[in-house]
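Engineer: Sending over a structure as structure tokens; questions will come in a sec.
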Amino acid sequence: MRQCIFVALSYSAWSEKARWALDHHRVDYREVEHVPLLGTPLLRARVRSPIGRVTVPALVDDGVVYTDSFDIARRADRIGQGERLFPRGMDDAIATWNRSSELILKAGRVLLLEKTLRNPRAMQEALPAQIPRALRPRMLFLAKAGARFLQHKYGASGRDLDAERARIARELVSLREVLDGPEGYVLGNFTYADVAMAVALQVVWPVDNRWLPLGEETRVVWQEPGLAEAFRDLIAWRDRVYDKHR
Ligand SMILES: N[C@@H](CCC(=O)N[C@@H](CS)C(=O)NCC(=O)O)C(=O)O
């Protein structure tokens, strides 16, 4: 039986969107962890892309490489089992919601990297898992280089953090408008639009560790108390979607 290789960043929301789709469809895959900065040459080899920007998640399926969470989710819909996450005729609407999810996640990444750089304990947690605990305080330079690398790669430095928060809030107001109460779904039934938007809320208030484990201080860094307070209803919606469908 075929087994796909899923290259991911365990805690990344983009990886979680794709992983959720793969799990939903019970696709058989082996997850391998990507390490930002140091792991770039290996990622290039895996996705067979010697030049240009390479990102995770990536899926290698039967020799074909998929390098975007949305494409991976669509691939899962084709090769997996169970209810479709992209029901016929809903592709455009789902793509629109995925763009909203991307806007939130990109703004969230700006906030997250900046807050991580200001928090030495979160930076220690961001170091590769292989580095022993005792060595971590002396390896902060590496965590800092990793965060700066991501800031540079994704144009995420020197930004107005409150403007990024406002960007997230705008998208969430639109989400609230379409949800028909706490039990609702973005497009009426459970689709990838719900996955994309539920995962996007990770950068406002991270979901419980049983779904996406984060280090203690990393969890603090992901939290946006002001937004979380303003959108408590959406966090509750997200938790319900996870409980029911993850
Ligand atoms: N549009 C892409 C975006 C993926 C993305 O931005 N991935 C970032 C997550 S922070 C990444 O690969 N970071 C690790 C790196 O650049 O080395 C997708 O949806 O897959």
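Engineer: Could you tell me which of 218, 207, 179 has its Cα farthest along the dipole of segment 119-246 towards the positive end, charges placed at Cβ (Lys, Arg +1; Asp, Glu -1), taken about the Cα centre?
Structural biologist: Highest projection toward the positive end goes to 218.
Engineer: Which residue, chosen from 157, 139, 235, occupies the Cα position most advanced towards the positive end of the dipole of segment 91-245, where the dipole is computed from +1 (Lys, Arg) and -1 (Asp, Glu) charges on Cβ about the Cα centre?
Structural biologist: 139
Engineer: Another one. Given the rule -39500 (n - 2.57) for each run of at least 4 DSSP H residues, summed and divided by the residues of the chain, what is its mean residue ellipticity at 222 nm, to the nearest 500 deg cm²/dmol?
Structural biologist: Details: 11 runs with 133 residues, N = 246.
Using -39500 (n - 2.57) per qualifying helix, the result is -17000 deg cm²/dmol.
Engineer: What order do you get for 192-201, 133-142, 212-221 when each peptide is scored by the mean count of other beta carbon atoms within 10 Å, highest first?
Structural biologist: 192-201, 212-221, 133-142
Engineer: Separate question: Dipole magnitude of the chain about its Cα centre, charges +1 at Lys/Arg Cβ and -1 at Asp/Glu Cβ only, in debye to the nearest 20? Let's see the in-between values first.
Structural biologist: On the way: 38 positive and 32 negative charges, 201 e Å.
For the chain, the charge dipole is close to 960 debye.
Engineer: Hey, another quick one. Given an 8 Å cut-off on Cα distances and at least 6 residues of separation, report the relative contact order of the chain as a percent.
Structural biologist: Taking the mean separation of contacting Cα pairs over the length of the chain, I get 22 percent.
Engineer: Moving on. Within the chain, what whole-number % of the accessible surface is contributed by carbon and sulfur, with the 1.4 Å probe and all protein chains included in the calculation? Each step should come with its number before you reach the end.
Structural biologist: Details: 6400 of 12250 Å².
Here carbon and sulfur together make up 52 percent of the probe-accessible area.
Engineer: Moving on to the next point. Could you sort 205, 237 by their accessible area in this structure, using a 1.4 Å probe and putting the largest first?
Structural biologist: Working: 205 90, 237 5 Å².
Largest accessible area first, the list is 205, 237.
Engineer: Thinking of the chain as a set of Cα atoms, what percent of all their pairs are more than 33 Å apart? Write out the running numbers ahead of the final one.
Structural biologist: Numbers: 5110 of 30135 pairs.
It works out to 17 percent of all Cα pairs.
Engineer: Could you name the lysines whose alpha carbon sits less than 17 Å from that of residue 17, not counting residues in the same chain fewer than 8 places away?
Structural biologist: 106, 244
Engineer: Separate question: What is the packing order of peptides 60-72, 5-17, 173-185, taking the mean over residues of other C-beta atoms within 10 Å and listing the highest first? It would help to have the intermediate numbers written out before the result.
Structural biologist: Values: 60-72: 17.5, 5-17: 21.2, 173-185: 12.6.
My ranking of the peptides, most packed first, is 5-17, 60-72, 173-185.
Engineer: Run through the DSSP bridge list for the chain and note the antiparallel percent, rounded to the nearest 5. Working shown, then result.
Structural biologist: Details: 7 of 12 bridges.
Of those bridges, close to 60 percent are antiparallel.
Engineer: Cβ under 15 Å from residue 21's Cβ, residue 21 left aside: what net charge do those residues give with Lys, Arg +1 and Asp, Glu -1?
Structural biologist: Working: positive: 17, 19, 26, 74, 75, 78, 84, 246; negative: 16, 23, 28, 31, 61, 68, 71, 77, 83, 91, 194.
Cβ neighbours under 15 Å give a net charge of -3.
Engineer: To continue, here is another question. Rank these residues by their accessible area, most exposed first, probe 1.4 Å: 25, 152. Before the final figure, lay out the partial values.
Structural biologist: On the way: 25 0, 152 155 Å².
Descending order: 152, 25.
Engineer: Quick one: the Cα spread of segment 185-246 along its three principal axes, in angstroms, biggest first?
Structural biologist: So the three principal-axis extents are 36, 24, 14 Å.
Engineer: Stick to the Cα atoms of segment 36-85, pair each with every other, and give me the Kirkwood hydrodynamic radius in Å at one decimal. Can you show the working numbers first?
Structural biologist: Details: mean 1/r = 0.0841 Å⁻¹.
Averaging 1/r across every pair of different Cα atoms and inverting gives 11.9 Å.
Engineer: What whole-number value in Å² describes the accessible area per residue of the chain for a 1.4 Å probe?
Structural biologist: Using a 1.4 Å probe on heavy atoms only, each residue of the chain averages 50 Å².
Engineer: Can you list the HN-Hα couplings for segment 86-96, worked out from phi with the Karplus curve (6.51, -1.76, 1.60; θ = phi - 60°), rounded to whole Hz and with x for Gly and Pro?
Structural biologist: Those phi angles translate into 10, x, 3, x, 10, 4, 5, 5, 5, 4, 4 Hz.
Engineer: To the nearest 10 Å², what's residue 144's accessible area with a 1.4 Å probe?
Structural biologist: The accessible area of residue 144 comes to roughly 90 Å².
Engineer: Cα centroid distance between segment 18-55 and segment 199-246, in Å?
Structural biologist: 24
The values are calculated or read from the model by the stated rules, or taken from the named source; none is laboratory data. In this text, all values refer to a predicted model and were calculated from it rather than measured experimentally. Reconstructed Cβ throughout: ideal geometry from the backbone, glycine too, with neighbour counts over all protein chains shown. The accessibility values were calculated without ligands, DNA or RNA, using every heavy atom of the protein model including side chains. Shrake-Rupley method; radii C 1.70, N 1.55, O 1.52, S 1.80 Å.
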